[in-house]
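First up is the structure itself, then whatever we jot down about it.
The values are calculated or read from the model by the stated rules, or taken from the named source; none is laboratory data. Everything numeric here is computed off the predicted structure, so don't read it as measured data. All Cβ positions, even for glycine, are placed from backbone atoms using ideal geometry, and neighbour counts span all protein chains on display.
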Amino acid sequence: MSVGVIGIGAVGLFVAHELSQMRYSVTCYVKREDQKATLEREGIQKDDQTPVYPNVQMIHSLQAHDWLFVCTKQTDLDNVVKQIDQTNDKINRVVFLQNGLGHVEKIKDLKGLQKFIGVLEHGVKRVNDHHVLHTGRGLIRLAPLNHTKTSSLNHLNHDHFPIIIEDSLQKTLEEKLVINSVINPLTAIYGVKNGTILEVDRLRRLAHQLLLEATEILELDDRVMWGRVESVCRNTSENTSSMLADINRGRQTEIDYMNGYLVRIALEKCPTHELIYQMIKVKECLSEV
Ligand SMILES: NC(=O)C1=CN([C@@H]2O[C@H](COP(=O)(O)OP(=O)(O)OC[C@H]3O[C@@H](n4cnc5c(N)ncnc54)[C@H](OP(=O)(O)O)[C@@H]3O)[C@@H](O)[C@H]2O)C=CC1
Ligand SMILES: CC(C)(CO)C(=O)C(=O)O
């Protein structure tokens, strides 16, 4: 089986590594020549294991695959969707693994292939362009878009790469959105690892306040969701959240698809999320300087 992985950052390195270990024919798609050269030379290293050597191509050379995993940020999806659209007569199934909400509409426009949207609950930390740390064992939750059959997903499910099929796409994404809209901005504002949120009482209380607003807007059970936030903080305690990683690298964050999404749908009735949203926007401006 041939699998393509687009976007070889923290998530893409991990996904491409695990699929390569399952002996699939994996091709990584990147947008920088220097990352292509590094991956060809060094392979993908997970933790301190021996590297695996998937194929590496530039994104404009996207080829035919049985499965395609899209592991870019939400902010890069427009370009990627355009690229897949130009290639889609050769691609059978696509899995999108972005955090946040707002991408489903863009993806719906892709015709002629089976689409799955999912969330990755592993702790992953990018060390550099070819090395990733697996900081917390988790799983991938996937839901089909537009009544796609799910039986083909069984081929991808593996003990060290568990995939769960969820019935409700919206619920899966909303629950992950709650987790990210609490953990990501707080870790990015204070420059701390995920585990610190539970360790510092004032930070924990601020996290809980964000949780209460988010669960009220999305009509989710706040006790259940607080339990999930706590468990993600514990399982990924040593992780740098993707938003903190973006701020540290002077990149645009996904805040518009997380707290920004909540602010938009709640019509400004979520003051803590609105404040946090503004604070991250200021951080983005400052880190560009
Ligand atoms: N990091 C984490 O712990 C987790 C992240 N997520 C979610 O997964 C998604 C990816 O996150 P993460 O891996 O952290 O992000 P990264 O920024 O580490 O990686 C994204 C990668 O996509 C590449 N990219 C961007 N545009 C293109 C393109 N047009 N063609 C090919 N490659 C492209 C970037 O390349 P370049 O470096 O050249 O810009 C980068 O390597 C996000 O939605 C995030 O919220 C989900 C769970 C955990
Ligand atoms: C679950 C969490 C917070 C793990 O770091 C994540 O999804 C992210 O960093 O975007």
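Contact map, the range 153-171: first residue under 17 Å from LEU218 (Cβ atoms), second residue loosely packed, with under 15 Cβ neighbours inside 10 Å and small (Gly, Ala, Ser), Cβ cut-off under 7 Å, separation 6 or more or different chains; the map is empty. Restricting to the range 46-59, and then to whatever is touching a residue at least 60 places away in the same chain (Cβ under 8 Å) and touching a helix residue (DSSP H, G or I) at 6+ places or on another chain (Cβ under 8 Å), can you tell me which residue is farthest from GLU121 (Cα to Cα)? Applying the filter and picking the extreme gives PRO51. Of the residues that make up the range 111-120, is at least one over 15 Å from the mean Cα position of the chain (by Cα), at pLDDT below 90 and over 30 Å from VAL52 (Cα atoms)? Yes - at least one qualifying residue is present in the range 111-120. Checking each residue in the range 253-276 for being among the hydrophobic types (A, V, I, L, M, F, W, C) and out of contact with any Phe, Trp or Tyr (no Cβ under 7 Å at 6 or more places or on another chain) picks out MET258, LEU262, ILE265, ALA266, LEU267, CYS270, LEU275, ILE276. If I filter the range 67-82 for residues that are free of Cβ contacts under 8 Å to residues at least 24 places away in the same chain and of a type in the set (Lys, Arg), do I get at least one hit? Yes; the residues of the range 67-82 include at least one that is free of Cβ contacts under 8 Å to residues at least 24 places away in the same chain and of a type in the set (Lys, Arg). In this structure, GLN49 does not satisfy being outside any helix (DSSP H, G or I), under 22 Å from ASP246 (Cα atoms) and more than 12 Å from ligand 1 (Cβ to nearest atom).
Taking helices (runs of 4 or more DSSP H) that fall entirely within the range 200-279, which contain at least 2 residues that are in the same structural domain as ILE179 (by TED's automatic domain parsing), touching a residue at least 60 places away in the same chain (Cβ under 8 Å) and farther than 26 Å from LYS106 by Cα? Hits in the range 200-279: 201-218, 222-235. SER241 satisfies every condition listed in (1) more than 16 Å from ligand 1 (Cβ to nearest atom); (2) closer than 12 Å to SER181 by Cβ; (3) touching a Ser or Thr at 6+ places or on another chain (Cβ under 7 Å) except (1).
Listed here are the residues, each with its yes/no results for (1) surrounded by 17 or more Cβ atoms within 10 Å (Cβ to Cβ); (2) over 27 Å from LEU267 (Cα atoms).
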position: VAL200; (1), (2): no, yes
position: LEU212; (1), (2): no, no
position: GLU219; (1), (2): no, no
position: VAL224; (1), (2): no, no
position: VAL229; (1), (2): yes, no
position: THR236; (1), (2): yes, yes
position: GLY250; (1), (2): no, yes
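Does the range 255-265 contain any residue that is surrounded by fewer than 21 Cβ atoms within 10 Å (Cβ to Cβ) and either in contact with a Ser or Thr (Cβ under 7 Å, 6 or more places away or on another chain) or hydrophobic (A, V, I, L, M, F, W, C) (or both)? Yes: one or more hits. Run LYS193 past the list (1) of a type in the set (D, E, K, R); (2) more than 16 Å from ligand 2 (Cβ to nearest atom); (3) closer than 16 Å to THR236 by Cα and report the number of the one that doesn't hold. Only one criterion is unmet by LYS193, namely (2).
Scanning the range 18-42 for residues that are within 24 Å of PRO162 (Cβ to Cβ), of a type outside the set (Val, Ile, Thr) and touching a residue at least 12 places away in the same chain (Cβ under 8 Å) yields GLU18, LEU19, SER20, GLN21, MET22, TYR24, SER25, CYS28. Filter the range 233-289 down to the residues that are more than 14 Å from ligand 2 (Cβ to nearest atom), of a type in the set (A, V, I, L, M) and modelled with pLDDT of 95 or more and list them by number. Matches in the range 233-289: LEU262, VAL263, LEU275, ILE276, MET279, VAL282. If I ask for residues that are farther than 30 Å from GLY112 by Cα and within 16 Å of ligand 1 (Cβ to nearest atom), which ones from the range 149-190 would you list? Passing the criteria: VAL178, ILE179, ASN180, SER181, VAL182, ILE183, ASN184, PRO185, LEU186, THR187, ALA188.
The residue list LEU133, LEU139, LEU113, LEU62 contains one member that is without any contact (Cβ under 8 Å) to a residue 60 or more places away in the chain, within 15 Å of ligand 2 (Cβ to nearest atom) and out of contact with any Leu (no Cβ under 7 Å at 6 or more places or on another chain), which is LEU139.
Name the residue, out of GLN209, GLN252, GLN278, that is more than 13 Å from ligand 1 (Cβ to nearest atom) and touching a helix residue (DSSP H, G or I) at 6+ places or on another chain (Cβ under 6 Å).
Only one candidate passes the filter, namely GLN209.
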